[in-house]
Amino acid sequence: MGSVIEIKGIIRDFKLGQETVHVLKGIDLDIDRGEYVAIMGPSGSGKSTLMNLLGCLDTPTGGTYVLNGSDVSTMTDDQLAEIRNKEIGFVFQTFNLLPRTTALDNVALPMIYAGTSKANRIKRAEEVLTDVGLADRMDHKPNQLSGGQRQRVAVGRALVNKPSIILADEPTGNLDSKTSVEIMGLFNDIHAAGNTVILVTHEEEIAEYAHRVIRLRDGVIESDIKK
């Protein structure tokens, strides 16, 4: 399969006034292509910081991060933005959709940054929305959709550029339990189609869907268990 993520000795420090806070204290982590991983840990464990690093939203203080063969630990902001758009599909707890824009245009948005032609953007966005079960909601705006439907739009947007990784941060945090089960079923389908899925969650029942659970505590990996 080969690794899609290789992290060696990742350190992330933050300066708070005169103090330095050591949030990640030398993390080593390999994730293979096609894995389904949950990252767990209590507040302050470093899981959000790790997710920001994995998603190329932040750079480490020390150590190396190789994503799909590219060393991203030393990239400029512009290079990181390009890698993010090409290699990573994000799904957030708060959906992060544009409120005045249709489901179709929300999903097509990453392809504008990727330089895809308009005709191809529409075709691909329609494909993806059909895949996530929203073929009949393409012209609806977010306020005309339920929470679960909004999250499906967000998942579609994450998939649209065919990224190496789907990175989901508390993807069911704003959803009721029935809708959460539906959305996690969608992640199972995405994984079954060959995608690498990384979930960040504090909920044990959501982590149960993953095939590998990594637990952080105090900036280090406490356990890493494959099912």
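The values are calculated or read from the model by the stated rules, or taken from the named source; none is laboratory data. Note that the coordinates shown come from a computational prediction; the quantities given were computed from them, not determined experimentally. Heads up, the Cβs are rebuilt from the backbone with ideal geometry, glycines too, and the neighbour counts pull from every protein chain shown. Keep in mind that these areas ignore ligands, DNA and RNA; they rest on the heavy atoms of the full protein, side chains included. Shrake-Rupley method; radii C 1.70, N 1.55, O 1.52, S 1.80 Å.
ARG124 contributes an accessible area of around 40 Å² to the protein surface, as traced by a 1.4 Å probe with all chains present.
Shape verdict for the stretch 37-99, please, from the Cα gyration tensor: rounded (a/c under 1.5), prolate (a/b greater than b/c) or oblate. Working shown, then result.
Working: a/c = 1.93, a/b = 1.13, b/c = 1.71.
Oblate is the answer for the stretch 37-99, as a/c is 1.5 or above yet b/c matches or exceeds a/b.
Multiply the residue gap between ALA135 and LYS8 by 0.36 nm, knock off their C-alpha separation, and tell me the result in nm, one decimal place.
Numbers: separation 127, 0.36 × 127 = 45.72 nm, distance 4.25 nm.
Contour length minus the Cα-Cα distance gives 41.5 nm.
How far is the Cα center of the stretch 200-227 from the Cα center of the stretch 173-194, in Å? Cα centres, the stretch 200-227 to the stretch 173-194: 17 Å.
Full extension of the chain between ARG100 and ALA114 gives 2.9 nm of extra length, using 0.36 nm per residue less the Cα-Cα distance.
For LYS118, the lysines whose Cα comes closer than 28 Å to its Cα, not counting residues fewer than 8 places off in the same chain, are LYS86, LYS141, LYS162. Short-range pairs are left out: with C-alpha atoms under 8 Å and at least six residues apart, the relative contact order of the stretch 18-140 is 16 percent.
Leaving out ligands and nucleic acids, note down the accessible area per residue over the chain with a 1.4 angstrom probe, in whole Å². List each step's numbers first, then the result.
On the way: 10940 Å² over 227 residues.
Per-residue value: 48 Å².
Applying 0.36 nm per residue to the separation of LYS162 and THR20 and subtracting their alpha-carbon distance, the gain on full extension is 47.3 nm. A straight Cα-to-Cα reach below 21 Å connects LYS47 with the lysines LYS8, LYS15, LYS25, LYS226, LYS227, residues fewer than 8 places away in its own chain not being considered.
Share of the chain's accessible area from carbon and sulfur, percent, 1.4 Å?
Carbon-and-sulfur percentage of accessible area, whole number: 48.
Given charges of +1 on the Cβ of Lys and Arg and -1 on the Cβ of Asp and Glu, with all other atoms neutral, how large is the dipole of the stretch 60-215 about its Cα centre, in debye to the nearest 20? The partial results should precede the final answer.
Values: 16 positive and 20 negative charges, 101 e Å.
In total the dipole reaches around 480 debye.
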